[in-house]
């Protein structure tokens, strides 16, 4: 076995930054959405596609990104992903109209789908020689995702208020340049492998996910009982069923279906799916409530969510590892999802003449604590359930679960909000009713996640006190 790289911890900083950035790009646009809507002419119902265009491309192509990383080398794919992310960020920032903005966001998602799986592969190459170091590296890598998601909200407010909304995309450009320059010196090289690319599987899963999200988002406009809605959703089901059939027959599939027989993996992925489906809609509609109902500007809106960001960071770094060590990942995950559901149910009590201290802060802190407790143990269970040689595949699947859950959850809650009055801009009671309904729906998703996790997650004895930072099934 080759000697460990002396630069591996510096390389880990770049890998963690990559995970931070690709997840930050899902949330940094939240505070900027009203400005983007005003300047480019998005309708209230279609505004969520600024988020979904990125997430569908990201989630739909993650499995392909992992496959390409195996075939062409993780270092090469890591660099290519940063280059594509840079191009998409430039296009999204310069967009003069709706379709260009959505194209730029989709291109960003393609870049992220190459970066995320190759980053984990590089991490395994750097730290796989030492289990103790690998545990620490995986914990830092796992914490980078929620850190990016929460930090993006505050940065989005700061940038939108003092610069302009295109800079929420331009911020990626200097970071991408640094990453491109550092990838060669820091990252280990791996020889390319022989194999084929499952093009048909990639097309069916990406089109299937995109069609499902489109059908749910468009349903409030044309009616849930309309032929257009049913045809669109039926097409999504057919495409996703075709993907499963293709994976079952191909010798080199994007996703080996038998991996889901691994104990714990399916349950942890379903938990991540529902966690994304609950958490992302909460951030989306909380930003809109602060700005469109309470009248906050972009920066005050981002600053108002800073306490939640701080609590989530403390929870991820300090509280969640200790809870995992003492109570085990199952109890920690279930408790976190229950707290998340309670916080969002509390948020549903918002009023048109409410205030930050009464309507947002207490409930938001409860929800943030719940998210910080649920995310790390469910992620760790999903990754550690697979065989070591399938860690990359397991990472691709769990990333896909969370991103797809986020997209479908936001699409569904956008439909719920619109059906309850959120499309009537300027009508504060109607907007509040719509946002409240979305919080109720998101709370129901989190509660479902808690019940499913309680019933299906495998549990073992808690880790010894000295190993409480371990993110695993122990």
**Prompt:** Using the per-residue mean of other Cβ atoms lying within 10 Å as a proxy for protection, in what order, highest first, do the peptides 99-105, 251-257 fall?
**Reply:** 99-105, 251-257
**Request:** Could you calculate the FRET efficiency of residue 222 with residue 162 from 1/(1 + (r/R0)^6), where r is the beta carbon distance between them and R0 is 35 Å, rounded to 0.05?
**Result:** 0.30
**Asked** If the chain between residue 317 and residue 358 were fully stretched, how many nm would it gain, using 0.36 nm times the residue separation less the Cα-Cα distance?
**Response** 12.0 nm
**Request:** Give the relative contact order (percent, whole number) for the chain; include only Cα pairs under 8 Å separated by 6+ residues.
**Result:** 22
**Fill in**
Using the Kirkwood radius over Cα pairs of the stretch 329-416, the Stokes-Einstein translational diffusion coefficient at 4 °C and 1.567 mPa s, in µm²/s and rounded to a whole number, is 88
**Asked** To one decimal place, what orientation-averaged projected area in nm² is obtained for the convex hull of the Cα set of the chain?
**Response** 20.5
**Asked** Exposure proxy check: 286, 306, 91, 369 ranked by fewest other beta carbons within 10 Å?
**Response** 306, 91, 369, 286
**Request:** Compute the acute angle (0 to 90°) between the alpha-carbon long axis of helix 49-72 and the principal axis of greatest extent of the alpha-carbon atoms of the chain; round to the nearest 10°.
**Result:** 10
**Asked** Using a ≥ b ≥ c from the Cα gyration tensor of the stretch 199-251 (square roots of the eigenvalues), is it rounded, prolate or oblate, where a/c under 1.5 gives rounded and otherwise the larger of a/b and b/c decides, a/b for prolate?
**Response** prolate
**Prompt:** Sorting 69, 226 on the 10 Å Cβ count, fewest up front, what's the list?
**Reply:** 226, 69
**Message:** Can you give me the angle between helix 172-186 and the longest principal axis of the chain, using Cα atoms only, in degrees from 0 to 90, rounded to the nearest 10?
**Reply:** 10
**Asked** So how far apart, in nm, are the two label points at residue 231 and residue 9 if each is 7 Å from Cα heading toward Cβ?
**Response** 6.1
**Request:** Take each of the peptides 373-382, 77-86, 317-326, 408-417, average the number of other beta-carbon atoms within 10 Å over its residues, and list them starting from the highest.
**Result:** 373-382, 408-417, 77-86, 317-326
**Prompt:** Given the Cα-Cα distance of residue 250 and residue 83 and 0.36 nm per residue of separation, how much length would full extension add, in nm?
**Reply:** 57.0 nm
**Fill in**
Stretched fully, the stretch from residue 326 through residue 97 gains (0.36 nm per residue minus C-alpha distance, one decimal, in nm) 77.2 nm
**Complete:** Rounded to one decimal in nm, the spacing of the 7 Å Cα→Cβ label points at residue 197 and residue 177 is 2.9
**Message:** I'd like the FRET efficiency for residue 259 and residue 349, computed as 1/(1 + (r/R0)^6) with the beta carbon distance as r and R0 of 51 Å, rounded to 0.05.
**Reply:** 0.75
**Prompt:** Pairing the Cα long axis of helix 265-288 with the longest principal axis of the chain, what angle in degrees results, from 0 to 90 and rounded to the nearest 10?
**Reply:** 40
**Complete:** A convex hull over the alpha carbons of the stretch 1-192 yields, per residue, a volume in Å³ of 104
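Bear in mind these aren't lab numbers, they're just calculated from the coordinates by the rules spelled out. A quick note: this is a predicted structure, and the numbers were derived from the prediction, not measured. We place every Cβ from the backbone using ideal geometry, glycine too, and count neighbours over all the protein chains shown.
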